[in-house]
Amino acid sequence: MARQTFNDDDDSIANSIPHKPVARFACAAGQCPMPGTIFTGSTGLCVYHVGAHAGDWHRITRVLVDWQCVMDEINAARRAHCSHDLAGNPDALERLFGDAWKRLQPMVAGAWEDDLKPGAVKAGQPEDYREWGIRLERFIGQRVVEILRKRLGAKAA
Ligand SMILES: [Zn+2]
């Protein structure tokens, strides 16, 4: 019987599990759910961890994990816009945008729905999927800043 070998570059098994796509370059900060797309030396960090004190990494990761439903949509929007097939297909992107909100809306119904719902009009133009994804990234950035301020605020106040 031939020995089975595993190819580290093959994500097909992990990616076959629904809703758990593998980040090819995971953020180096602990259990961070984001890809580590900003490289500092040999390790990649996500936009939320880069530049932060290592002592704050776990606080930041906690925010990202608490908001996993939003992180999933940020990553889905990024994947769609990085896909060669989808990026140039506005109809497909619009469909994915609708699906994204159908997934997220029940998770944020009530308190955060108004902050996160798509279609906020900006200068008379409806928001598109890419803009919504960026707004979600900023929303999480605000949550990260809040948690770090809370820690620093105790000293500064
Ligand atoms: Zn990270």
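Return the total of residues in region 2-33 being at pLDDT below 90 and within 19 Å of ARG138 (Cβ to Cβ).
Residues that pass the stated criteria total 1.
For region 116-127, the criterion of a residue being part of a helix (DSSP H, G or I), surrounded by 13 or more Cβ atoms within 10 Å (Cβ to Cβ), more than 16 Å from the ligand (Cβ to nearest atom) and in the same structural domain as VAL145 (by TED's automatic domain parsing) is satisfied by at least one position.
Within region 34-49, restricting attention to residues that are in a loop (DSSP other than H, G, I, E, B) and at pLDDT 85 or above, the residue that is surrounded by the fewest Cβ atoms within 10 Å (Cβ to Cβ) is THR37.
The values are calculated or read from the model by the stated rules, or taken from the named source; none is laboratory data. Only a predicted model underlies this, so the values are computations on that prediction, with no experimental measurement involved. Methodologically, a virtual Cβ is constructed for each residue, glycine included, from the backbone with ideal geometry; neighbour enumeration extends over all protein chains shown.
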